[in-house]
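Participant: Sending over a structure as structure tokens; questions will come in a sec.
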Amino acid sequence: MTTRAPAIRLTDRAADRIKFLMAQANRPIAGLRIGVKARGCSGLTYNLEYVQEKGKSDEVVEEKGVTVFIDPS
């Protein structure tokens, strides 16, 4: 069985910033979801949102004390 590399890597600074922002939330946050939506001049735009739970088909990356959920679309 081959182990696939994570879809993203976080710098220390990015992980620290995500932790800081999650601590400021007014509700419990499980992690950050990253996805792509159809809109904008090029037809696509990144979508970032703080979420309380993993989506059904999200890929999960846990790194440097931060959980990132990646929307497969």
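The values are calculated or read from the model by the stated rules, or taken from the named source; none is laboratory data. Every value quoted in this text rests on a predicted model; they were computed, and no experiment measured them. No Cβ is skipped: glycine too gets one built from the backbone with ideal geometry, and neighbour counts run over all protein chains shown. What goes into the accessible areas is simple: the full protein's heavy atoms, side chains included, and nothing from ligands, DNA or RNA. Shrake-Rupley method; radii C 1.70, N 1.55, O 1.52, S 1.80 Å.
Participant: If you consider only alpha-carbon coordinates, what radius of gyration and Dmax does the chain have, in Å?
Facilitator: 13.3, 41
Participant: For a quick check of your reading of the filter: which GluC sites (Glu not before Pro) in the chain sit in a DSSP loop and have no more than 12 other Cβ atoms within 10 Å? Before the final figure, lay out the partial values.
Facilitator: Working: sites: E49, E53, E59, E62, E63; in loops: E53.
Answer by residue number: E53.
Participant: Another one. Can you list the aspartates and glutamates whose alpha carbon is less than 17 Å from that of K19, not counting same-chain residues fewer than 8 positions off?
Facilitator: Answer for K19, where 17 Å is the Cα cut-off: E49, E53, E62, E63, listed by chain and number.
Participant: For the chain, which whole percent of the accessible surface, found with a 1.4 angstrom probe, sits on carbon and sulfur atoms? Can you show the working numbers first?
Facilitator: Values: 2920 of 5610 Å².
Looking at the chain in its full context, I get 52 percent from C and S.
Participant: In nm, what is the difference between 0.36 nm times the number of residues separating E53 and V36 and their Cα-Cα distance? Numbers along the way, then the final one.
Facilitator: Numbers: separation 17, 0.36 × 17 = 6.12 nm, distance 1.84 nm.
Stretched out fully, the E53 to V36 stretch lengthens by 4.3 nm.
Participant: Roughly what would the spin-label model give for R4 and A23, points 7 Å off Cα along C-beta, in nm?
Facilitator: 3.3
Participant: What does the accessible area per residue of the chain come to in Å², with a 1.4 Å probe and no ligands, DNA or RNA counted?
Facilitator: Working: 5610 Å² over 73 residues.
It amounts to 77 Å² per residue over the chain.
Participant: Run lengths n ≥ 4 of DSSP H only: what is the helix-derived mean residue ellipticity at 222 nm for the chain, with -39500 (n - 2.57) per run over all residues, to the nearest 500?
Facilitator: -5500 deg cm²/dmol
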